[in-house]
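The values are calculated or read from the model by the stated rules, or taken from the named source; none is laboratory data. Source: prediction; values computed, not measured. In this analysis, Cβ positions are derived from the backbone assuming ideal geometry, glycine residues included, and neighbour counts consider all displayed protein chains. Accessible surface is based on the protein model in full, side chains and every heavy atom, while ligands, DNA and RNA are left aside. Shrake-Rupley method; radii C 1.70, N 1.55, O 1.52, S 1.80 Å.
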Amino acid sequence: MTLLLRALYIAAILIAALVSIVGVASVGAYYYVAPELPGVESLKDIQLQVPLRIYTRDGRLMAEYGEQRRIPLGFSEFPDQVIHAFLAAEDDRFYDHPGVDYQGLVRAAFALAVTGERTQGGGTITMQVARNFFLTREKTISRKVREIFLALRIERELSKNEIFTLYLNKIFLGQRAYGVGAAAEVYFGKTVDRLSLAEIATIAGLPKAPSRDNPVTSPERATARRAYVLRRMLETGYVDPAAVERASATPMKSFLHGPTVEVEAPYVGEMARQYMLDKYGTDAYTAGYVVTTTVDSRLQRAAVAALRQGLIDYDRRHGYRGPLARVQWPDEAVDPEAVLAGFRAAPGMTVGLVTSIDENGATVALQDGQSIPMELAAIAWARPYVKVDLRGPAPETVTDVLAPGDVIEVIRTADGGWTLGQTPNVQSAIVALDPSDGAVVALSGGFDFLVSKYNRVTQARRQPGSSFKPFIYSAALENGFTAASIVNDAPVVFEDDTLEGTWRPENYSQRFYGPTRLREALVRSRNLVSVRVLRQMGVRPAIEHIRRFGIPAAAMPRDLSLALGSISLAPLDIADAYTVFANGGYRVPTYFIQSVRNSQGELIEEADPLIACAICEDEALEEPAQTNVPGPDEEGDEEQYLVEIEYADPVITRQNAFLIADMMRDVIRRGTGRRAMSLGRSDLSGKTGTTNDRRDAWFSGFNADLVATVWVGFDQEQSLGAREEGSRTALPIWIDFMGEALKGASEHIPPKPTGLVTVRISPETGLLARADDGSAIFETFRVDHVPEAGEEDARSPFEPVESGEPLF
């Protein structure tokens with residue numbers, strides 16, 4: 001008994017000595033590493049690497065840029081099952097220990113002593129936060145000591161939920177995904193609140209080896225890790241056996257998902273990315289900036305759909321160029337999915353393999369594993385392409401077009417069927433602006449951004465052809481012409497060195513129509529009238545007037561070819577200039593960035609556009625206008641504060657803008673744009689444009705609320721083909737877009753401004769009509785330009801010109 005007491009006494013002394021030694025060592029270690037420990041206060045203001053995100057003005061995600069995929073979430077945004085899965089897998093005593101799990105450390109040390117291997121970890125979630133935010137991943141005793149002391153310090157400064165939130169947002173989970181929110185999107189294309197238990201367990205199993213165990217790289221390893229997490233959740237009481245059984249039986253299916261883009265606007269996204277990079281440098285990709293653009297998601301969807309359908313329609317008019325590829329089939333060693341894996345589907349299309357065929361139809365295996373029938377009606381358009389103006393005969397059977405082994409594109413039709421597809425070679429651009437302030441509300445720079453990032457809205461500088469004529473006619477109205485001025489539509493020849501010798505412009509129809517009123521010349525797009533008008537008023541005054549629309553004077557040729565749109569402009573330039581006609585004469589520069597916020601949601605940049613306001617001019621406001629705009633007060637509650645509005649100055653008279661817009665309404669009512677009458681609206685103005693050899697097809701049009709421009713052509717200039725003018729090739733795209741954009745909107749024609757008067761004139765002379773003239777028509781004039789009855793028009797008609805005279 002005495003020996004036992006003595007042994008216990010000695011053991012107690014040894015334990016006390018050991019504790020003292022450990023305590024002294026710990027204190028010594030703390031003071032040794034304390035100077036090297038970072039301040040935990042910085043965790044409260046930690047800047048996670050969050051990608052740049054671009055949104056529409058109505059809050060739809062358009063694009064995301066950054067090396068690290070991360071979606072920061074608040075603690076309350078994580079479902080309970082996510083919390084439970086990570087606790088069970090990583091640190092089930094997280095809410096019980098002070099940052100260091102001493103029990104876990106003892107277990108890990110004992111296992112290491114017994115087996116000689118690290119079979120258990122002693123780390124905690126708090127220690128992982130310390131390591132991920134402040135320390136390297138080197139495996140040394142000194143780093144482990146710093147990790148322990150830093151974890152204890154973190155626990156003193158932050159709450160458990162704050163620590164857990166940092167962990168769930170910071171941890172690397174493979175495939176560039178940082179944080180649970182990003183992992184849910186990357187692996188399953190979901191937000192965290194929509195994850196199943198099987199998916200949650202898969203993500204919670206990733207921290208140990210995210211690059212090796214993720215379900216994309218190794219479904220087998222991911223399945224094993226999922227089983228471990230589910231077993232731990234069962235052991236800790238977070239789930240019942242039935243839930244584990246269901247989740248375990250779920251197949252491990254995962255593939256990489258891009259950001260959950262809600263609106264397809266990659267060209268605008270790229271514009272915003274470049275803007276942010278230029279202004280904020282490479283921090284733009286990591287600082288969590290949120291950019292809100294002026295794009296409207298509904299209008300953007302309409303623009304993309306209209307552009308693609310218009311190009312598909314054009315492409316089908318010129319024939320089928322054959323399959324994407326042709327493989328040996330049947331081949332028992334290869335299944336269709338393996339064959340199709342190497343092909344990317346164009347937007348709106350699916351890639352398929354023709355697996356069998358007879359006279360009645362073909363069977364096509366798709367990339368998703370389903371098989372579909374293709375009957376003759378589905379390929380009826382596919383006459384063989386020979387050249388741009390020549391096609392082969394129409395198919396009489398499916399075998400005339402398809403053969404087993406053909407890799408083809410197919411399109412789902414509105415009624416649920418399928419039709420043969422083909423990615424167009426031709427390209428297009430569409431842009432829509434709000435004429436009241438110049439905001440870009442929709443923009444698509446091509447058929448497929450992933451194939452070509454070339455933004456034709458802003459970068460393709462092409463000749464606008466006749467769509468430039470409204471600017472010429474606007475200048476004419478400021479230089480003595482009226483909408484009723486008579487100009488002779490007759491042959492004209494110019495000898496001009498700037499035009500490389502003799503120039504003989506002609507009308508598209510190659511016919512001549514004699515004396516023609518200016519309004520009728522614009523409606524019918526008469527080239528010779530435009531040339532004569534420009535020659536009569538002079539090129540210099542025309543350029544001086546047109547530059548007010550935002551078109552640089554230096555870009556305009558100093559010769560009469562300007563009358564036919566020989567200047568090179570981007571579609572955005574044309575749309576921008578047309579806003580002046582739409583808003584009553586005001587220049588409102590275009591913009592597409594509405595606001596920029598930092599990662600804390602603080603507003604750091606906001607657009608302050610000029611506003612076109614004809615009513616404001618009428619009211620002759622002497623004081624700057626102000627408007628109430630909602631904004632946060634110091635407590636974060638919403639209050640109203642005043643913002644000063646800056647109004648745009650007029651660049652042409654309201655009378656001029658009204659007259660040109662009215663003349664352009666006639667282009668749609670009865671001229672080259674009459675297809676647009678299918679929209680059933682009377683408030684639309686527009687102008688077609690077609691360049692030499694039909695290399696470019698345009699349509700630009702507007703009402704008082706929306707301006708839209710469409711261009712169609714090849715990137716490497718070549719003819720679009722016979723009869724492919726602006727009215728046939730570009731206008732249908734514009735109609736499809738405007739039909740959706742203006743759906744449900746009331747008609748909006750600005751009221752006739754003061755200073756204009758409408759009178760009866762003779763359509764033959766352009767002069768005031770006699771009371772008994774049964775052919776008289778109405779025309780609108782500025783009050784100081786109303787012709788008198790019987791008065792000869794000083795500008796009508798002039799004889800054909802045989803040689804050039806001084807233009808200035």
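Some notes on this structure:
- Pairwise label distance in nanometres, GLU544 with GLU235, each label 7 Å out on the Cα-Cβ vector: 8.9
- Taking amide H atoms as placed 1.01 Å from N in the peptide plane, the amide H of ILE71 lies under 5 Å from those of GLY181, ALA182, each 5 or more residues away in sequence or on another chain.
- Under the Karplus curve 6.51 cos²θ - 1.76 cosθ + 1.60, θ = phi - 60°, whole-Hz ³J(HN,Hα) for region 377-391, x wherever Gly or Pro sits: 4, 6, 10, 4, 6, 7, 5, x, 6, 10, 7, 4, 10, 9, 10
- Treating r as the C-beta distance of SER218 and LEU390 and R0 as 51 Å, the FRET efficiency rounds to 0.40.
- Two-decimal Rg to Rh for region 482-622 - Kirkwood Rh, Cα set: 1.12
- In nm, spacing of pseudo-spin labels at ARG504 and ALA789 (7 Å Cα→C-beta vector): 4.5
- Global form of region 706-776, assessed from the alpha-carbon gyration tensor, a/c cut-off 1.5: oblate
- Take region 387-451 with all the other protein chains still there, run a 1.4 Å probe, and you get 35 Å² of accessible area per residue.
- Within region 335-370, backbone nitrogen closer than 16 Å to the virtual label 7 Å beyond the Cα of PHE255 toward Cβ: 335-353, 365-370
- Mean separation of Cα contacts under 8 Å (6+ apart) over length of region 202-306, as relative contact order %: 19
- Rolling a 1.4 Å probe over the protein heavy atoms of region 534-615, with every protein chain left in place, gives an accessible area that is 49 percent carbon and sulfur.
- Charge tally for MET677 (other residues, Cβ to Cβ under 14 Å; Lys, Arg +1; Asp, Glu -1): +3.
- Residues whose amide H comes within less than 5 Å of that of VAL50, counting only those at least five positions distant or on another chain, are ALA287, GLY288 (H built at 1.01 Å from N in the peptide plane).
- Here the extension length gained between ASP313 and ARG57 equals 89.1 nm, from 0.36 nm per residue of separation less the Cα-Cα distance.
- Within the shell defined by Cβ-Cβ distances under 10 Å, the residues around GLU520 carry a net charge of +3, with Lys and Arg each +1 and Asp and Glu each -1.
- Charged neighbours of GLY59, selected by a Cβ distance under 13 Å, balance to +2 (K, R count +1; D, E count -1).
- Using the Cβ-Cβ distance between SER196 and SER746 with R0 set to 41 Å, the FRET efficiency from 1/(1 + (r/R0)^6) comes to roughly 0.30.
- Stretch gain in nm, segment THR363-GLN718, where the contour uses 0.36 nm per residue and the Cα spacing is subtracted: 124.1 nm
- Full-stretch length increase - GLN49, GLU646 - with 0.36 nm per residue and alpha-carbon distance subtracted: 211.2 nm
- Over 22 Å apart at the Cα level, from the set LYS208/LYS253; LYS387/LYS453; LYS190/LYS253, are LYS387/LYS453.
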